[in-house]
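The values are calculated or read from the model by the stated rules, or taken from the named source; none is laboratory data. Owing to the predicted nature of the structure, the values given are computational and were not obtained by experimental measurement. Here the Cβ is made from the backbone with ideal geometry for all residues, glycine too, and neighbour counts use every protein chain on show. With ligands, DNA and RNA removed, areas are computed over all heavy atoms of the protein, side chains included. Shrake-Rupley method; radii C 1.70, N 1.55, O 1.52, S 1.80 Å.
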Amino acid sequence: MLRTCRLSSKFGSSFKISLSRAYASVAALPVTVTKSKAGITVVSVEDSAPASSVSLVVKAGSREEGTDNIGVAHYLKNFAFKNTSARTAFRTTREAELLGGFLSANLARENLILSAEFLRGDLGYFMEILSDIVFKTKYEQHEFPNIKESVNFERGAAAAIPEVTVMNAAHSVAFRHGLGNSLFADDATKVSNSSDVKAFANKVYTAPNIMIVGTSVNHGELLNLTDSLYQNISHAIPSTPIASKYFGGECRISIPGDSHFVLAFSGAPAGTSDYAALQILRFLIDGEKGTKWGEGVNVLAQRASKLDDTKISFFNAGYSDAGLFGVHISGIATSVYSAVRSAVEQLKHAANKISKDDFARALAKARFNAAAAYETRASKTEIFGNQILFSGKVTTVTEALTQFDRFKVEDIQSIAAKVLKCKPTAVALGDVSALPYSDSLSL
């Protein structure tokens, strides 16, 4: 089956008691990393699951686009699993279904992930399918209209989701180019034929730009298949994208329906100490409730429960050389206005005072979030893929949890103060006449 993809309680009492907590040890998954003879890094995770997966993680996200080919990464994603010199698209889909497998292509800002999920024993077939994308995709011109139609459909579907629209706009305002490039090709794209897509494919499908991640597979078999199938891959080193620069600014989009507001600031690259500190800050003041019923523990969660249909959610997006930290609020315009002010107040409060209990709660949530990120095949593929492509090493779940041990209350206060010093990014979507401007928030 062919799948296309997107474009991540505690109880108290009325009397004082002493609590001690010991964190359960986390068994590190056996992760093996090898540089193949073909020059491609191969990573495997043996978790003894009954189903396996293998993915190509390619440094070919929307960030890699230039001014002359904006939107080309979206087209490249949609050309995956189309006609090759070895198989038609129909044959690929039919054979995958006969083996009970699933094929998918996912585009992010920094990478393109082409994946196959299947039963153990079918690794050889699905590795061949993925290698055919790299070497044998025809990029035929008669396919281009259908590809363009699917690109336009995905853009339209995304535009109907306010959460996607407002976060896409926030990245555009914050970074302008590179990380600010949209995940979706629009009508203004200069990509006009399959040759444009093929040229981009030839640029990004090179050994230094690709890594292969397998889960529940034999590492030796995965390595041998990589050496065999990718022995003729190009070893050209793609040009390094321009370093990300945070700008900040404001954008207002008037549409009917509920209102959305994103207030964001310059964050930190994934894997850094500042990124981990921002994760703790995120869960310290996040407005999401930990249980289905009740008002939540912190001020913003309680505030959201008292406002009609209002959601307050902090986010911490980390990339290879930059990050975006902020809050996304949705609901009735007047309630969103009030919630934005409350979020700013809590961020300021965090820069000045954090209780030991609140710090312990946020630290526990940050640790849980880090551990949960290693639970699924898809998340492990993305995590290890990004780590190898951008830092050259794998961080195990144990190492991911240990990084939080170094932080103290003062560190989180310091990172909150640092966030507030930069120029904000503000995106208002909906009834903009009733939504605030960033300069009215007393930042």
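May I ask you to list the residues in the stretch 34-78 that are hydrophobic (A, V, I, L, M, F, W, C) and within 18 Å of the chain's Cα centre (by Cα)? Don't jump to the end; show me each part of the working.
At the first step, the residues of the stretch 34-78 found to be hydrophobic (A, V, I, L, M, F, W, C) are 38, 40, 42-43, 45, 49, 51, 54, 56-58, 60, 70, 72-73, 76.
Within the stretch 34-78, Leu56, Val57, Val58, Ala60, Ala73 qualify.
Considering only residues in the stretch 361-402 that are over 30 Å from Val58 (Cα atoms) and open to solvent by less than 50 Å² (accessible area, probe 1.4 Å), the one that is farthest from the chain's Cα centre (by Cα) turns out to be Arg361. Screening the stretch 258-302 for residues that are modelled with pLDDT under 90 and open to solvent by less than 60 Å² (accessible area, probe 1.4 Å) and picking the one that is farthest from the chain's Cα centre (by Cα) gives Gly294. Restricting attention to the stretch 417-439, the residues being in contact with a helix residue (DSSP H, G or I) (Cβ under 7 Å, 6 or more places away or on another chain) and open to solvent by 10 Å² or more (accessible area, probe 1.4 Å) number 5. Residues that are out of contact with any His (no Cβ under 7 Å at 6 or more places or on another chain) and of a type in the set (A, V, I, L, M, F, W, C) were ranked within the stretch 169-182; the one that is farthest from Ile255 (Cα to Cα) is Phe175.
Can you name the residue in the stretch 244-257 that is within 20 Å of Ile332 (Cα to Cα) and among the small types (Gly, Ala, Ser) and, of all such residues, is surrounded by the fewest Cβ atoms within 10 Å (Cβ to Cβ)? Can you show your working first?
Let us first name the residues in the stretch 244-257 that are within 20 Å of Ile332 (Cα to Cα), namely 251-257.
Applying the additional criterion that residues be among the small types (Gly, Ala, Ser) yields 254, 257.
Details: Ser254: 12, Gly257: 9.
Out of the qualifying residues, it is Gly257.
Evaluate the following for Ala60: is it surrounded by fewer than 18 Cβ atoms within 10 Å (Cβ to Cβ) and either at pLDDT 50 or above or touching a helix residue (DSSP H, G or I) at 6+ places or on another chain (Cβ under 6 Å) (or both)? No; evaluated as a whole, the condition is false for this residue. Out of Ala343, Ala351, Ala417, Ala370, one residue alone is of a type in the set (A, V, I, L, M, F, W, C), closer than 30 Å to Val213 by Cα and in a helix (DSSP H, G or I). It is Ala370. List the pairs whose first member sits in the stretch 169-196 and is at positive phi, whose second member is at pLDDT 95 or above and among the hydrophobic types (A, V, I, L, M, F, W, C), and whose Cβ atoms are under 9 Å apart, counting only residues at least 6 apart or on separate chains? Once the first residue is at positive phi and sits in the stretch 169-196, its partners that are at pLDDT 95 or above and among the hydrophobic types (A, V, I, L, M, F, W, C) give Arg176/Phe247; Gly178/Ala322. Residues in the stretch 33-53 that are under 22 Å from Phe118 (Cα atoms), open to solvent by 30 Å² or more (accessible area, probe 1.4 Å) and either in a strand (DSSP E or B) or in contact with a strand residue (DSSP E or B) (Cβ under 8 Å, 6 or more places away or on another chain) (or both): Val33, Glu46, Asp47, Pro50. Close contacts from the stretch 74-94, counting a first residue that is closer than 13 Å to Glu143 by Cβ and a second that is of a type outside the set (A, V, I, L, M, F, W, C) and in a loop (DSSP other than H, G, I, E, B), with Cβ to Cβ under 6 Å and a gap of 6+ residues or different chains, come to Asn83/Lys138; Ala89/Lys82; Ala89/Asn83. Can you say whether Ala317 is in contact with a Leu (Cβ under 9 Å, 6 or more places away or on another chain), open to solvent by 10 Å² or more (accessible area, probe 1.4 Å), in a strand (DSSP E or B) and under 30 Å from Val42 (Cβ atoms), as far as the supplied structure shows? Judged against the criteria, Ala317 is a match.
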